[in-house]
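Take a look at the structure below.
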Amino acid sequence: MTRLSSAVRGLITALAALLAVTAASATARASTDPKAPKDFVALRTVDPTIIQEMRYFTPHNFVGERIDGYQQPICLLTRPAAEALHKAQAKLLRKGYTLKVYDCYRPQRAVNHFVRWAEDLDDQVMKGEFYPNVDKTRLFEDGYIAKKSGHSRGSTMDLTIVRLPAKPTRPYHPGEPLVPCYGPKGERFPDNSVDMGTGFDCFDTLAHTLDPRIQGEQRANRLLLKNTMEGLGFVNLAEEWWHYTYKPEPYPDTYFDFPVSWKSLTSGH
């Protein structure tokens, strides 16, 4: 009995030591995470009225799981981009709308996650919603996935417009039936956004901002976003109606890798 107790005590001691090493390693990793430059801010501190639905913090994205580097569901941007977005919001609020961001600053580790996913041709869990008509072997060639992203420079965001009063968007439940992102608004995954003709992150030519097949109310909604943003220094990516970059960028050639979290901000939040 004594011998057994001694063995158990030894095992407990070994496990405790292992846990201590693991905890110390995790702490060391956390403490060595890079920090954001001082002119990065949380959008919420500049404009708390803009809705934030940070898709890459959730499994509702083309990968189907939370993306590396998204430690909290917050929008981080360079201050000039955030302040220009605040001006865009003021214009839309007067018309009965609000902005909603899906993604803002994106760390390089998240982009690397996208690349690993794109290279794994067997993983097609979310194809039915996000890229029904695109062969996964063509994601790089067709420009849907790249090894660098303007989002990592901190002045690019993905966003849409929501009519006020904003209705909540229900959460996505992994494994639920998927509907093509270009389907009629009443059929595709519910989003409180106005109808833009496709959902966010739709890998399809219908997502091109000025695709001639998008007409009527859908085209008017895209142009409302485009005209509002471009009047304040933002540039749209022609292939994605939701993608805008504030110019001039404070960091036009720098791709950051600090995590999306309050701790990354050097202001000590």
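The values are calculated or read from the model by the stated rules, or taken from the named source; none is laboratory data. Keep in mind that this is a model prediction, so the values were computed, not measured. Counting neighbours? That spans all protein chains shown, and the Cβs are built from the backbone with ideal geometry, glycine included.
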Taking the conditions exactly as written (more than 25 Å from Q52 (Cβ to Cβ) and polar (S, T, N, Q)), does Q124 satisfy them or not? yes
Considering region 243-256 alone, what residues qualify as being out of contact with any Leu (no Cβ under 6 Å at 6 or more places or on another chain) and surrounded by 15 or more Cβ atoms within 10 Å (Cβ to Cβ)? Y244, T245, Y246, E249, P250, Y251, Y255, F256
Residue match in region 10-30 (condition: touching a helix residue (DSSP H, G or I) at 6+ places or on another chain (Cβ under 9 Å) and modelled with pLDDT under 95): yes
Checked region 128-152 for anything part of a helix (DSSP H, G or I) and touching a residue at least 24 places away in the same chain (Cβ under 8 Å); matches are G128, E129, F130, G150, H151, S152
Could you run through region 160-182 and say how many residues are in contact (Cβ under 8 Å) with a residue 24 or more places away in the chain and small (G, A, S)? 1
Reported set for region 153-172 where residues are under 20 Å from A220 (Cα atoms) and either outside the structural domain of R109 (by TED's automatic domain parsing) or not in a loop (DSSP other than H, G, I, E, B) (or both) is D158, L159, T160, I161, V162, R163
Which of the residues spanning region 84-108 are surrounded by fewer than 20 Cβ atoms within 10 Å (Cβ to Cβ) and of a type in the set (D, E, K, R)? K87, K91, R94, K95
Residue that is surrounded by the most Cβ atoms within 10 Å (Cβ to Cβ) [pool: residues in region 68-83 that are within 30 Å of P132 (Cβ to Cβ) and touching a strand residue (DSSP E or B) at 6+ places or on another chain (Cβ under 9 Å)]: C75
N112, sole failed condition from (1) surrounded by fewer than 22 Cβ atoms within 10 Å (Cβ to Cβ); (2) assigned to a strand (DSSP E or B): (2)
